[in-house]
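Colleague: Would you mind keeping the following structure in view while I ask a few things?
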Amino acid sequence: MIELQKEELIEATGGTNISASLLSTLVRGAELSFELGQAFGTAIRRLLSGSCCKI
């Protein structure tokens, strides 16, 4: 294994950086997919049970 000098260690970069905006976007995406699933499930249930309003 190669040992790094102090100057090389200072310049080393890497890893992950999770920002608040990325986390917020992921949460919003999960909420949106959950709401879409609820809407489709409700629509399918109402169609199959025949409880749809006639327009």
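Colleague: Once you charge only the Cβ atoms, +1 for Lys and Arg and -1 for Asp and Glu, what is the size of the charge dipole of the chain about its Cα centre, to the nearest 20 debye?
Modeller: 880 debye
Colleague: Springs between alpha-carbon atoms under 10 Å, Gaussian network over the chain: tell me which of GLY14, GLY29, GLY41 tops the mean-square fluctuations.
Modeller: Result for the chain, Cα springs under 10 Å: GLY14 fluctuates most.
Colleague: Hey, if we sort ARG28, ARG46 by accessible area with the 1.4 Å probe, largest down, what's the order?
Modeller: ARG28, ARG46
Colleague: To the nearest 10 degrees, how steeply does helix 20-49 sit against the main Cα axis of the chain, on a 0 to 90 scale?
Modeller: The answer is roughly 20 degrees.
Colleague: Moving on to the next point. Using θ = phi - 60° and the Karplus form 6.51 cos²θ - 1.76 cosθ + 1.60, what ³J(HN,Hα) does each residue of the range 9-17 get, whole Hz, x for Gly and Pro?
Modeller: Once rounded to whole Hz, the list reads 5, 5, 7, 5, 10, x, x, 10, 10.
Colleague: Using only the alpha-carbon atoms of the chain as identical scatterers, what base-10 log of I(q)/I(0) does the Debye formula give at q = 0.18, 0.21, 0.23, 0.24 Å⁻¹?
Modeller: For the chain at q = 0.18, 0.21, 0.23, 0.24 Å⁻¹, log10 I(q)/I(0) is -0.78, -0.85, -0.92, -0.95.
Colleague: Sticking with this structure for a sec: So what is the accessible area of the chain per residue, in Å², with the probe set to 1.4 Å?
Modeller: 103 Å²
Colleague: Sticking with this structure for a sec: Within the accessible area of the chain, what % is carbon and sulfur when the probe is 1.4 Å and the other protein chains stay in place?
Modeller: 62 percent
Colleague: In square angstrom, rounded to the nearest 10, how much accessible surface does SER19 have for a 1.4 Å probe?
Modeller: Accessible area, nearest 10 Å²: 50 Å².
The values are calculated or read from the model by the stated rules, or taken from the named source; none is laboratory data. No experiment lies behind these values; they were computed from the predicted model shown. Glycine also receives a Cβ, built like all others from the backbone with ideal geometry; neighbour counts cover every protein chain displayed. Remember, those area values only see protein heavy atoms, side chains included, never the ligands or the DNA or RNA. Shrake-Rupley method; radii C 1.70, N 1.55, O 1.52, S 1.80 Å.
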